[in-house]
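The structure under discussion appears below in the form of structure tokens.
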Amino acid sequence: MDRPNILLIHSDQHRYDCVAANGHPFVRTPNLDRVAAEGISFSHAFTPTPVCTPARNSLLYGVWPARHQAVANRGTEAGRPAVEGLPTFAQSLSGAGYHLSYVGKWGIAGDPLQAGFHDYLPGQGYRAWRADQGLPPVPSEGGWLGGRDPHVTPEQSQVGWEAGHVIDRLRAVASASSPFFIRWDPYGPHLPNVVPEPYYSLYPPDSIPPWPSFPDPLQGKPFIQAQMRRTWGVDGWQWPDWAPLVSAYLAQITLMDAQIGRVLTELDDLGLAESTLVVYTCDHGDLCGGHGMIDKHHVMYDDVVHVPLILRWPAGADPGRVCEAFVSHELDLAATFCDMAGAPLPDTFQGSSLLPLLRGAPAPTRADIFSTYYGSQFGLYSSRMVRDRRWKYVWNATAEDELYDLLQDPAEIHNRAGDPSLREVAERLRHRLVAWMEETSDPLLNEWTRRLLLEGRTRP
């Protein structure tokens, strides 16, 4: 196999259902749709943890948060760097002769140069560039709710500025004899979304219907979810209050898509498209009004754990295919990059390469998928999730269980954990969760929690 170049676009907080190719009824993502039409989309990709820093560490080190131990965002109660000595996928690719570049958000301890990358343009440089251009600062009047940026063109926005630097790096390596790996991490669509025209006005708030998960009475659900509404000051919000935030979120996605299109066009113009694996994904999703909540904390709803994952490899993948295999995307991508580069796979890695799926092999036999949560700026709160094709079980170590029938209740409104008729379902999923926690050496599993789970003492 010829070793491909690799372009990874890894955004921040992009819901799975906010890509037109994934079924959104009106969001405009023509360039991501093009990558999906020319490549393969994974319909069941899930984050190992729906928080920025721990998810990004899982991608870099190819392991679950319990292994790298950077389980919360920096500057929070449990914020800490990853344990020392873990190898990174970047180090493996560098050792195999790849030139590695990084543009955009890093978001974890250290920097990309320490992790194996050869050059790094931090996204924080955008504000200084903007000042150097004589442009006013990014407007902040809307706070976390975002708003319009009247001072810049789309190409002068942060995502446009970053796209220009990705293009510069493509031009710099186009004629090199060694393969390249370029990673671009846009800051969006993480809130606040401050968007220039014509994108800001693209989705009028009064034209946006509520998410399927809105409204949610949170009946029979952990107290922390109602508390998060109060923490953010959104308790009591009706859909007209949420619609402007969703409008800006979708506008940011379409702006980002347009800048991705610039990069794809450059790949075509440089003659690199046929030899480059293009990957689009993100660290986790966003509630964005789903369940009447904002951001992503203390929940395991699909709004935050289900992520887009689209790969295009003209030399090796049948176009337009949708793969339904369960994918733990950050862990599996780390293994995939090493596999495709012909680089050594570190013994510590816990994911599985997606290369066989790209080549059309049958989906692997994963019957379920997992995710974890530890806490962040609002305090510690341990949760573990197991999800199969129909059922999702969430064990909240200090609160009620959650059990959702994803076939009958895909919006996850009705918590069925206390339903006597589903006792056997819950028991099966609890036992599966214990087995996985044993397999991954999850420190939350101990003599007390094991008994709670196996004996079903985790629900009222």
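Here Asp405 meets each of (1) farther than 26 Å from Cys52 by Cβ; (2) open to solvent by 20 Å² or more (accessible area, probe 1.4 Å); (3) modelled with pLDDT of 95 or more; (4) not hydrophobic (A, V, I, L, M, F, W, C) with one exception, condition (2). When segment 272-296 is filtered for residues that are in contact with a Leu (Cβ under 7 Å, 6 or more places away or on another chain) and either among the small types (Gly, Ala, Ser) or on the phi > 0 side of the Ramachandran plot (or both), the ones remaining, listed by number, are Ala273, Cys288, Gly289, Asp295. Mind listing just one residue for me: the one in segment 415-443 that is touching a strand residue (DSSP E or B) at 6+ places or on another chain (Cβ under 7 Å) and either free of Cβ contacts under 8 Å to residues at least 24 places away in the same chain or exposed (fewer than 15 other Cβ atoms within 10 Å of the Cβ) (or both) and, of those, farthest from Met293 (Cα to Cα)? Ranking the qualifying residues of segment 415-443, first place goes to Leu422. Which residues, taken from segment 290-331, are closer than 17 Å to Val234 by Cα, not in a helix (DSSP H, G or I) and not hydrophobic (A, V, I, L, M, F, W, C)? Within segment 290-331, Asp295, Lys296, His297, His298 qualify.
Could you go through segment 291-299 and let me know if any residue there is in contact with a Pro (Cβ under 9 Å, 6 or more places away or on another chain), under 17 Å from Tyr187 (Cβ atoms) and modelled with pLDDT of 95 or more.
As a first pass, look at segment 291-299 and keep what is in contact with a Pro (Cβ under 9 Å, 6 or more places away or on another chain): 291-292, 296-299.
Filter again for under 17 Å from Tyr187 (Cβ atoms), leaving 296.
Filter once more, keeping what is modelled with pLDDT of 95 or more: 296.
The answer is yes, given that some residue of segment 291-299 is in contact with a Pro (Cβ under 9 Å, 6 or more places away or on another chain), under 17 Å from Tyr187 (Cβ atoms) and modelled with pLDDT of 95 or more.
Tallying residues that are of a type outside the set (S, T, N, Q) and part of a loop (DSSP other than H, G, I, E, B) within segment 411-460 yields 17.
Restricting attention to segment 233-251, the residues that are open to solvent by 20 Å² or more (accessible area, probe 1.4 Å), assigned to a helix (DSSP H, G or I) and touching a residue at least 24 places away in the same chain (Cβ under 8 Å) add up to 3.
In segment 368-402, which residues are in a strand (DSSP E or B), farther than 19 Å from Gly285 by Cα and open to solvent by 30 Å² or more (accessible area, probe 1.4 Å)? Matches in segment 368-402: Leu380 only. With respect to the conditions (1) open to solvent by 10 Å² or more (accessible area, probe 1.4 Å); (2) hydrophobic (A, V, I, L, M, F, W, C); (3) touching a strand residue (DSSP E or B) at 6+ places or on another chain (Cβ under 9 Å), Ile260 falls short on a single one, namely (1).
Is it the case that some residue within segment 22-35 is at positive phi, out of contact with any helix residue (DSSP H, G or I) (no Cβ under 8 Å at 6 or more places or on another chain) and among the small types (Gly, Ala, Ser)? Break it down into steps so the answer makes sense when it comes.
First pass over segment 22-35, keeping only residues at positive phi: 23.
The next check asks that each one be out of contact with any helix residue (DSSP H, G or I) (no Cβ under 8 Å at 6 or more places or on another chain); those that pass are 23.
Next, from what is left, pick out any that are among the small types (Gly, Ala, Ser): 23.
Yes, the conditions are met somewhere in segment 22-35.
Filtered by the rule that a residue be part of a loop (DSSP other than H, G, I, E, B) and within 14 Å of Ser92 (Cβ to Cβ), segment 332-352 gives Gly342, Ala343, Pro344, Leu345, Pro346, Asp347, Thr348, Phe349, Gly351. Candidates in segment 122-154 are the residues that are farther than 27 Å from Gly110 by Cα, in a helix (DSSP H, G or I) and touching a helix residue (DSSP H, G or I) at 6+ places or on another chain (Cβ under 7 Å); of these, the one that is least open to solvent (accessible area, probe 1.4 Å) is Pro154. Scoring Ala317 on the criteria (1) surrounded by fewer than 24 Cβ atoms within 10 Å (Cβ to Cβ); (2) touching a Lys or Arg at 6+ places or on another chain (Cβ under 8 Å); (3) modelled with pLDDT of 95 or more; (4) not basic (Lys, Arg) leaves a single failure, condition (3).
Could you list all residues from segment 102-121 that are among the aliphatic types (A, V, I, L, M), assigned to a helix (DSSP H, G or I) and within 21 Å of the chain's Cα centre (by Cα)? Walk me through how you get there before you give the answer.
Step one: list which residues in segment 102-121 are among the aliphatic types (A, V, I, L, M), which gives 103, 108-109, 113, 115, 121.
Keeping just the survivors that are assigned to a helix (DSSP H, G or I) gives 113, 115.
Matches in segment 102-121: Ala115 only.
Restricting attention to segment 172-207, and to residues there that are of a type in the set (Ser, Thr, Tyr) and crowded, with 21+ Cβ neighbours inside 10 Å, which single residue is nearest to Gln156 (Cα to Cα)? Let's see the steps before the verdict.
Residues of segment 172-207 of a type in the set (Ser, Thr, Tyr): 175, 177-178, 187, 199-201, 203, 207.
Next, from what is left, pick out any that are crowded, with 21+ Cβ neighbours inside 10 Å: 199, 203.
Details: Tyr199: 13, Tyr203: 21 Å.
Filtering segment 172-207 for residues that are of a type in the set (Ser, Thr, Tyr) and crowded, with 21+ Cβ neighbours inside 10 Å, the one nearest to Gln156 (Cα to Cα) comes out as Tyr199.
May I ask you to verify whether Thr365 is within 17 Å of Arg459 (Cα to Cα) and either out of contact with any strand residue (DSSP E or B) (no Cβ under 6 Å at 6 or more places or on another chain) or in a loop (DSSP other than H, G, I, E, B) (or both)? Taking the combined requirement at face value, the residue does not satisfy it. Scanning segment 124-139 for residues that are under 19 Å from Pro186 (Cβ atoms) and among the small types (Gly, Ala, Ser) yields a total of 2.
Exactly one residue among Gly104, Gly23, Gly95 is of a type in the set (Gly, Ala, Ser), in contact (Cβ under 8 Å) with a residue 24 or more places away in the chain, surrounded by fewer than 18 Cβ atoms within 10 Å (Cβ to Cβ) and farther than 19 Å from Asp332 by Cβ, and that residue is Gly95. Scanning segment 209-223 for residues being in contact with a His (Cβ under 8 Å, 6 or more places away or on another chain), surrounded by 20 or more Cβ atoms within 10 Å (Cβ to Cβ) and more than 21 Å from Leu250 (Cβ to Cβ) gives a total of 1. Can you find a residue in segment 52-72 that is touching a helix residue (DSSP H, G or I) at 6+ places or on another chain (Cβ under 6 Å), under 22 Å from Asp286 (Cα atoms), open to solvent by 10 Å² or more (accessible area, probe 1.4 Å) and not polar (S, T, N, Q)? Yes, segment 52-72 has at least one match.
The values are calculated or read from the model by the stated rules, or taken from the named source; none is laboratory data. Please read these numbers as outputs of a predicted model, since none were measured by experiment. For neighbour counting, all protein chains shown are included, and Cβ atoms are generated from backbone atoms with ideal geometry for every residue, glycine included. The area values use the complete protein model at the heavy-atom level, side chains included, leaving out ligands, DNA and RNA. Shrake-Rupley method; radii C 1.70, N 1.55, O 1.52, S 1.80 Å.
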